[in-house]
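Nothing in this text is a laboratory measurement; each read-out follows from the coordinates by a stated rule. This one's a predicted model, so the numbers in the text were calculated from it and none came from an experiment. Cβ sites come from the backbone with ideal geometry, for glycine too, and all protein chains shown count toward neighbours.
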Amino acid sequence: MPGRLGRYDQCVADEHQHRDLKGGGARAAVFGISDGLVSNVALILGVAGAHPSAGAVRLAGVAGLIGGAFSMATGEYISMRAQSELMERELDVELRAILADPELERRELAAIYRDRGLDADLAEEMSVRMMRDPDLALETHAREELGFTPGDTGNPVEAAVASFVTFALGALLPLLPWLFTGGTTAVLWSVALGAIGSLAVGAALAVFTGKSWLWSAFRQLLISSAAAGVTYAVGHAIGSG
């Protein structure tokens, strides 16, 4: 029995280990590979639906890979940089308020604790303790009022690089057949690789979200299939016309 309890406690401890997502790289990587796969398989099959030469499809796929990777990386960098600057500005405003009128900020903190359910005396005591150290006071006010902790503003460069690399990897998968062949053979291989990639990406997402890997894989496959099917039909209609 002690051995079983020990294994259970270890399992609970392992489950309680949180992943470090503060830098933004993990989130960017997950979205990057998913977007790269979905967007380029849809682009490649959409162009292929019009029955152009293999070179035209290859060019479209390479352009989609490079353009999409740079677009994703730029978007991640700008959005995270803007978010970081906004957070830093709010921290500066809060720090000035703490230094200018610490008693007002202490009462504000005590009011927050009372709203969270603490009794008045305990709220007062906690607010006094938190305000003794300016760094701790800033961290506490940022967490309680602004909803984040100083230092958790993310890493724009990390997010941009992760987004670029993983988007390119995802976009490369449906493009591979067109580097060696063309026509119906390449289309079928793109469909097959896109489906396999979608299932793999969906299953990998389940590792981060803790959801059922089967459902996550099926959902990713469904989304990719819908995007590819619609664009292929549009390309075929335009090519036939």
Pairs of Cα atoms under 8 Å, at least six residues apart: use those to get the relative contact order of the chain, whole percent.
-> 40 percent
Determine, at each q value in 0.07, 0.08, 0.11 (inverse angstroms), the log₁₀ of I(q)/I(0) that the Debye formula gives when each Cα of the chain is one equal point scatterer.
-> -0.41, -0.51, -0.76
Longest principal axis of the chain (C-alpha) makes with the long axis of helix 120-131 (C-alpha) an angle, in degrees to the nearest 10, of 70 degrees
Answer check: the range 181-235, Cα atoms, Kirkwood Rh, Rg/Rh ratio of 1.09
Report the residue, chosen from 181, 166, 74, that carries the largest GNM mean-square fluctuation when the chain is represented by alpha-carbon nodes joined by springs under 10 Å.
-> 181
Protection-proxy order for peptides 102-109, 89-96, 169-176, each taking the mean of Cβ atoms within 10 Å per residue, highest first = 169-176, 102-109, 89-96
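Counting only other residues whose beta carbon sits under 12 Å from that of residue 132, what net charge do I get with K and R as +1, D and E as -1?
So the surrounding residues net to -1.
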In degrees, nearest 10, range 0 to 90: what is the angle between the Cα axis of helix 183-209 and the longest Cα principal axis of the chain?
-> 20 degrees
Over the chain, the sum of -39500 (n - 2.57) across DSSP H runs of at least four, divided by residue number and rounded to 500 deg cm²/dmol, gives at 222 nm -28000 deg cm²/dmol
Could you state the angle between the C-alpha long axis of helix 213-240 and the longest principal axis of the C-alpha atoms of the chain, as a value from 0 to 90 degrees rounded to the nearest 10?
-> 40 degrees
Part-to-part distance (alpha-carbon centres) for the range 49-86 and the range 198-222, which is given in Å | 23 Å
